[in-house]
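Working notes, beginning with the structure itself.
The values are calculated or read from the model by the stated rules, or taken from the named source; none is laboratory data. Nothing here was measured: the structure is a model prediction, and the numbers come from that model. Here the Cβ is made from the backbone with ideal geometry for all residues, glycine too, and neighbour counts use every protein chain on show.
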Amino acid sequence: MHLNEYQNQARKTASYPNVGNNPIYPTLGLTGEAGEVADKIKKVLRDRNGIFDSNIRNAIMLELGDVLWYVAQLSRELGFDLEEVAEANLNKLSSREKRGRISGDGDNR
(Lines give C-alpha, C1' and ligand atoms only; values in the text may rest on other atoms or scores of the structure.)
Protein backbone atom coordinates (compact mmCIF):
# COMPACT_ATOMS: atom_id res chain seq x y z
CA MET A 1 0.00 0.00 0.00
CA HIS A 2 1.24 3.49 -0.80
CA LEU A 3 1.27 6.09 1.94
CA ASN A 4 -1.17 8.45 0.24
CA GLU A 5 -3.58 5.56 -0.32
CA TYR A 6 -3.34 4.74 3.39
CA GLN A 7 -3.92 8.40 4.26
CA ASN A 8 -7.01 8.58 2.05
CA GLN A 9 -8.46 5.37 3.48
CA ALA A 10 -7.67 6.42 7.06
CA ARG A 11 -9.36 9.77 6.50
CA LYS A 12 -12.66 7.98 5.94
CA THR A 13 -12.55 6.93 9.60
CA ALA A 14 -11.72 10.40 10.97
CA SER A 15 -14.39 11.39 13.46
CA TYR A 16 -13.43 14.34 15.61
CA PRO A 17 -14.53 17.96 15.98
CA ASN A 18 -13.94 20.15 12.92
CA VAL A 19 -12.28 17.51 10.74
CA GLY A 20 -10.44 19.41 8.04
CA ASN A 21 -9.70 22.39 10.25
CA ASN A 22 -8.40 20.96 13.51
CA PRO A 23 -4.71 20.09 13.85
CA ILE A 24 -4.97 20.10 17.65
CA TYR A 25 -7.04 16.93 17.97
CA PRO A 26 -4.72 14.67 15.94
CA THR A 27 -1.68 16.21 17.66
CA LEU A 28 -3.06 15.22 21.05
CA GLY A 29 -4.00 11.78 19.74
CA LEU A 30 -0.51 11.31 18.32
CA THR A 31 1.16 12.06 21.63
CA GLY A 32 -1.23 9.74 23.46
CA GLU A 33 -0.65 6.84 21.07
CA ALA A 34 3.12 7.36 21.09
CA GLY A 35 2.90 7.15 24.87
CA GLU A 36 1.04 3.85 24.58
CA VAL A 37 3.85 2.46 22.39
CA ALA A 38 6.42 3.60 24.93
CA ASP A 39 4.40 2.11 27.79
CA LYS A 40 4.21 -1.30 26.13
CA ILE A 41 7.96 -1.28 25.53
CA LYS A 42 8.58 -0.17 29.12
CA LYS A 43 6.55 -3.11 30.35
CA VAL A 44 8.57 -5.50 28.19
CA LEU A 45 11.65 -4.30 30.03
CA ARG A 46 9.96 -4.46 33.43
CA ASP A 47 7.88 -7.61 33.13
CA ARG A 48 9.39 -9.69 30.33
CA ASN A 49 13.15 -9.29 30.82
CA GLY A 50 13.32 -7.37 27.54
CA ILE A 51 11.93 -10.26 25.50
CA PHE A 52 9.62 -9.24 22.66
CA ASP A 53 7.53 -12.34 21.94
CA SER A 54 5.10 -12.48 19.03
CA ASN A 55 2.13 -11.38 21.17
CA ILE A 56 3.79 -8.22 22.44
CA ARG A 57 5.28 -7.47 19.03
CA ASN A 58 1.78 -7.68 17.53
CA ALA A 59 0.34 -5.46 20.28
CA ILE A 60 3.06 -2.87 19.59
CA MET A 61 2.41 -3.11 15.85
CA LEU A 62 -1.25 -2.25 16.46
CA GLU A 63 -0.27 0.75 18.57
CA LEU A 64 2.16 1.85 15.84
CA GLY A 65 -0.77 1.70 13.45
CA ASP A 66 -2.63 4.11 15.72
CA VAL A 67 0.42 6.41 15.67
CA LEU A 68 0.42 6.23 11.87
CA TRP A 69 -3.29 7.05 11.75
CA TYR A 70 -2.75 10.22 13.77
CA VAL A 71 0.32 11.19 11.72
CA ALA A 72 -1.83 10.79 8.60
CA GLN A 73 -4.61 12.93 10.06
CA LEU A 74 -2.30 15.67 11.32
CA SER A 75 -0.53 15.75 7.96
CA ARG A 76 -3.86 16.13 6.17
CA GLU A 77 -5.01 18.83 8.60
CA LEU A 78 -1.85 20.78 7.72
CA GLY A 79 -2.29 20.22 3.99
CA PHE A 80 0.39 17.57 3.45
CA ASP A 81 0.18 14.23 1.71
CA LEU A 82 1.81 11.49 3.76
CA GLU A 83 4.18 10.65 0.90
CA GLU A 84 5.25 14.31 0.84
CA VAL A 85 6.04 14.16 4.56
CA ALA A 86 7.99 10.90 4.14
CA GLU A 87 9.97 12.26 1.19
CA ALA A 88 10.83 15.48 3.04
CA ASN A 89 12.06 13.41 5.98
CA LEU A 90 14.27 11.24 3.77
CA ASN A 91 15.68 14.35 2.08
CA LYS A 92 16.47 15.88 5.47
CA LEU A 93 18.18 12.70 6.67
CA SER A 94 20.13 12.32 3.44
CA SER A 95 21.40 15.89 3.73
CA ARG A 96 22.48 15.27 7.32
CA GLU A 97 24.24 12.06 6.36
CA LYS A 98 26.15 13.76 3.51
CA ARG A 99 27.28 16.50 5.89
CA GLY A 100 28.17 14.10 8.72
CA ARG A 101 25.35 15.44 10.90
CA ILE A 102 23.21 12.36 11.57
CA SER A 103 24.18 12.46 15.24
CA GLY A 104 23.74 15.48 17.44
CA ASP A 105 20.97 17.81 18.51
CA GLY A 106 18.79 20.38 16.83
CA ASP A 107 16.57 20.57 13.81
CA ASN A 108 19.02 22.50 11.65
CA ARG A 109 22.17 20.39 11.81
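Applying a threshold of 7 Å to beta carbon distances and a minimum spacing of six or more residues, or different chains, the list of pairs starting in segment 36-58 at a residue that is within 20 Å of W69 (Cβ to Cβ) and ending at one that is assigned to a helix (DSSP H, G or I) and among the small types (G, A, S) reads K40/A59. Number of residues in segment 11-24 that are in contact (Cβ under 8 Å) with a residue 12 or more places away in the chain and either among the charged types (D, E, K, R) or in a helix (DSSP H, G or I) (or both): the value is 1. Taking segment 68-106, which residues are under 23 Å from T31 (Cβ atoms), among the hydrophobic types (A, V, I, L, M, F, W, C) and part of a loop (DSSP other than H, G, I, E, B)? Passing the criteria: L78, F80. Inclusion of L68 among residues that are closer than 21 Å to E33 by Cβ and either at pLDDT below 95 or in contact with a Ser or Thr (Cβ under 8 Å, 6 or more places away or on another chain) (or both) is not warranted.
Selection of segment 1-23 for residues being within 18 Å of L82 (Cα to Cα) and surrounded by fewer than 13 Cβ atoms within 10 Å (Cβ to Cβ) yields M1, H2, E5, Q9, K12, T13, G20, N21.
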